[in-house]
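Below is one structure; the comments refer to it alone.
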Amino acid sequence: MLFGASNFTVLLVLIASCFAKKTTQESFTSKETLEQTFEQGTNSELLWAPYRSNCYFGIRPRFVDGTPFIFGLMWFDTTKFDSMTRLRHFVSDEDHLERFTWEAYDPRLGGRENIIDPENNLNLTIHFAKTHDDQNWIVRVNGKPLDPTLNTTTSVILYMNQNIGKDPEGPSRLMHINNGNTQDENTFEFTGISEDLGKYEVLINDNYGNYYTNDTLDSIEVVPGCNASRSSHVGLTIPDTEVWRARDIFQSLLTDSIKDIVKELGETIDSGLVPSVLTLRNLHEFDQGNFHYIQKTFDMREEKGFEFDVVYNNMDSTQTIDSGKQATKLINDAIYEINVRFDNHFDIEDTENTGDKRKFAMEVLGNLLGGIGYFHGTQVIDRETVLDEDQFESIKFEHFKEEGPYSLFTSVPSRGFFPRGFYWDEGFHLLQIMEYDFDLAFQIAVSWFNLIDENGWVAREVILGPEARSKVPQEFTIQSPQIANPPTLLLALSEMLTKLIENENELGFSHSVVDAEQEEGISSQLGSNFEYIIKYSKIIYPRLQSHFKWFTETQKGLIEEYLEDMEDDEQFQEVHQNFVYRWLGRTVTHCLPSGLDDYPRAEIPDVAELNVDALAWVGTMARSMKNIAHILGLEKDELQYAETERKIVENLDLLHWDSKTGTYCDVTLDAEGDDEMQRVCHEGYVSLLPFALKLMPRNSPKLKNLLTLMSDPEKLFSPFGLRSLSKQDEHFGAGENYWRGKIWMNINYLCLDAIQYYFPEVIAGSPETSELHDKEVSNMAKKLYNTLRENLINNVYGNWKETNYVYENYDPVDGHGTGSVQFTGWTSLIVNILRHQGL
Ligand SMILES: *[C@@H]1O[C@H](CO)[C@@H](O)[C@H](O)[C@H]1NC(C)=O
Ligand SMILES: *[C@@H]1O[C@H](CO)[C@@H](O)[C@H](O)[C@H]1NC(C)=O
Ligand SMILES: *[C@@H]1O[C@H](CO)[C@@H](O)[C@H](O)[C@H]1NC(C)=O
Ligand SMILES: *[C@@H]1O[C@H](CO)[C@@H](O)[C@H](O)[C@H]1NC(C)=O
């Protein structure tokens, strides 16, 4: 294999190919209305950001679907023959980066991302900052060798495209301006126009750094155009839908160029010329189009490395960035402001006095926010396949169609492995984000609710367009409207509205939820202005109603199956029969809809199975609907949802409480016996959910049972957090071992929060004991709260100290991070936990 250039699909065919087909299906109310309302109602601070979550660094604007400007960054060390295998672009665990992290980030301001790439001998720092009108931005790219004695290069490839949109005759263009001979060959100026964004310029300027040279060689230029001592530029045309494949296209163009060089010069090329061989040239004599590659190859034999700026200026803005000095100030101001904002929201105490926990928390939050993306494109949906409820074998969705295009503004569980919207994760992300930026969290929630279709359904994974789909095995891209997922977004909404309602009661409507924002001059109009909340709530309310209806109708349990057997059971007679639920779509081994995949359920699946967690989640939905009806002053609806909530709370105890084990359990029909009702108890997260979601009455005597379960080191309590499944369960650590003991932050967070809710005395400064619980229970809660909180912090922080990363979950035996790396989705809830002070 020459130069490590394996068999790349030749993408030139693709480049020439036409735009992908789109099937259009209008969403049931106008998307424009909602987004326009936003743009008028809220600040415009969120137009530009690195919204391409899956790239190490990639920019696109939000809400601009027709003719966005797209920007991305790639890099590699070009001194080796097999360098191409180490070309970086999309975040991947396989790149073996020692670190990649937003050290500070706020989508309203900008931030600093640091990447340590040992295989490319590179310490890369990228700053991003915006002007106050959010129209202009700067990217400052700074690279240093990790070890200058290794004599490597860093070849950075920038690419950008002005999308054409639907009308090829439209005005949208991006052109290189050639200022003649006077211009420095490493400085670039582009002028662009976008139908949506207006007129703009893009300027690329070096601040310092040496380009590749080699004194032992007479000439660095290996063939005309391949000269690593100077920047190279190739402009061409790529269909809008293929721009995301910039890396593949670069590789295939470069491979063509290399083949051509080998044909001309033979295979024995001086190793000092390799950096030039790996420099892109315009071999195919493309006419300059809207897509541009700029490649800069820096010599990394000096400690100080290189630095260059990319500036985007909207020509209609009065705040254009016109000097490097101004850019520096913009960057410094942004970093300063992010620090102030962070401290205003999270006063992180550092017990060891090293300052490190604050740094850790800032990074973790920065990465959650840095994962926020804007996605647009079609979604693959199967509305025909019927679930198999006889054999419960895994489901094949074969009758799928592309629908849309749709848009989604969301954060992601992890940029490397899960760079797309997840319904189950997002609510947890918002519980963290809302503590920092209430408006942002609310906008993300609304964007999700905007996807609820006319049947009330929203997909569990939202995978929009080919770029997002490229990260997902094909069978998993297909979404089915029969499959639900825990409605965590309604949990987040419920928490947001509860906060607002408390605020309303304490301060009256006009006061701010987030007072600190005002002082910083960053508007938080939603948090501070109840009118906006009401306006958006009005828009989303009908959708939420249909979502609630869809959820409760599709996941409704078959209580009829039990009626005959239970005729004489007094407790069973009290069950509210219309308020029992199950997860539709489980298989023998998995219950994907529950979000807890391989958590043990009834051994033999049965259509009559009733799931305690499904019921608890509906309780959360009902509570959320109650709150939103309250805010909208819909008294009748509020009462009705309150009534539903009450019935669900009662059903949890009447139907799912197992007095033998003292926990909440699933219910099913005993298939091997005589079809009698049977409780299926596997102690773990499922048994905790009614507690975790605050659905038990505040004075419930059962609280003690759950505290005991959580505090038992032989069951759920570990030095690293609560195990998902009891150590004593027969399935602990077995099989796929995903939700069978591993420690997950999302449920641990809910449990801590619930302890605080039921036992306010666990917080420093609260009265010694509450009247609701006796001293023994109260002390138990205090001890659990403090040890659990400490264990979670120490373990996630300890893993970060050691490896620079946070993880998807943590091992229940030794606490090491497992699963996907830099999983700064719900694991970021550690930031809220750090803030909450125990005794
Ligand atoms: C990377 O560079 C930054 C400054 O540019 C420095 O603070 C940091 O320590 C460097 N990291 C490593 C691992 O060399
Ligand atoms: C780097 O270059 C210097 C000077 O040319 C040489 O002495 C040294 O051995 C080289 N280092 C490596 C790792 O090749
Ligand atoms: C390669 O680029 C360097 C830097 O611009 C220049 O000095 C040199 O003349 C170029 N080589 C050729 C053969 O053009
Ligand atoms: C310069 O080229 C020679 C081969 O001609 C090579 O051995 C040496 O490593 C190169 N130096 C650098 C710094 O790349």
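Read the figures in this text as sums done on the coordinates, not as results from a lab. All of these numbers come straight from a predicted model, not from anything done at the bench. Cβ: placed from backbone, ideal geometry, glycine included. Neighbour counts: every protein chain shown.
Our note on the geometry: Cα centres of the stretch 769-839 and the stretch 351-406, 23 Å apart. The charge dipole of the chain, taken about its Cα centre with unit charges on the Cβ of Lys, Arg, Asp and Glu (plus for the first two, minus for the last two), comes to roughly 1780 debye. Considering Cα pairs under 8 angstrom that are at least six residues apart, work out the relative contact order of the stretch 719-839 and quote it in whole percent. Once divided by the residue count of the stretch 719-839, the mean separation gives 30 percent. Taken as Cα centroids, the stretch 286-309 and the stretch 429-455 sit 38 Å apart, rounded to the nearest whole angstrom.
Peptides 155-161, 794-800, 318-324 ranked from most to least packed by the mean count of surrounding Cβ atoms within 10 Å: 155-161, 794-800, 318-324. Between K775 and D196, the distance separating the two model label sites (each 7 Å from Cα on the Cα→Cβ line) works out to 6.5 nm.
In the chain, the calculated helix contribution to ellipticity at 222 nm averages -10500 deg cm²/dmol per residue, counting -39,500 (n - 2.57) for every DSSP H run with n ≥ 4. Using the alpha carbons alone, the radius of gyration of the chain stands to its Kirkwood radius in an Rg to Rh ratio of 0.99. Compared with the alpha-carbon gap, the fully stretched path from E560 to D260 is longer by 100.6 nm at 0.36 nm per residue.
Over the chain, what is the relative contact order in percent, taking alpha-carbon pairs closer than 8 angstrom and at least six residues apart?
Working: 1723 pairs, mean separation 91.4, N = 839.
Value for the chain: 11 percent.
Neighbours of H656, meaning other residues whose beta-carbon lies under 15 angstrom from its beta-carbon, give a summed charge of -3 when Lys and Arg score +1 and Asp and Glu score -1. Summing +1 for each Lys or Arg and -1 for each Asp or Glu among the other residues whose beta-carbon sits under 11 angstrom from that of N737 gives -2. Averaging the Cα positions of each part gives two centres, and for the stretch 672-716 and the stretch 149-178 these lie 57 Å apart. Over all other residues within a Cβ to Cβ distance under 12 Å of L784, the charged ones net out to +2, with Lys and Arg as +1 and Asp and Glu as -1. In this entry, the stretch 54-343 is assigned a mean projected area of 15.9 nm², taken as a quarter of its C-alpha convex hull surface. When the pairs K727/K801; K304/K359; K727/K782; K130/K401; K727/K775; K144/K329 are compared against a 32 Å limit on Cα-Cα distance, K130/K401 fall above it. Descending by average beta-carbon neighbour count within 10 Å, the peptides 232-238, 490-496, 58-64, 684-690 line up as 684-690, 490-496, 58-64, 232-238, the highest first. Packing-based ranking of 557-567, 358-368 yields 358-368, 557-567, ordered from highest to lowest mean Cβ neighbour count within 10 Å. Using the alpha-carbon positions of the stretch 251-295, Rg (one decimal) and Dmax (whole number) come out as 11.7, 36 Å.
Please tell me which of these pairs span more than 19 angstrom C-alpha to C-alpha: K556/K694; K357/K715; K660/K702; K549/K702?
On the way: K556/K694 22 Å; K357/K715 30 Å; K660/K702 12 Å; K549/K702 31 Å.
Exceeds cut-off: K556/K694; K357/K715; K549/K702.
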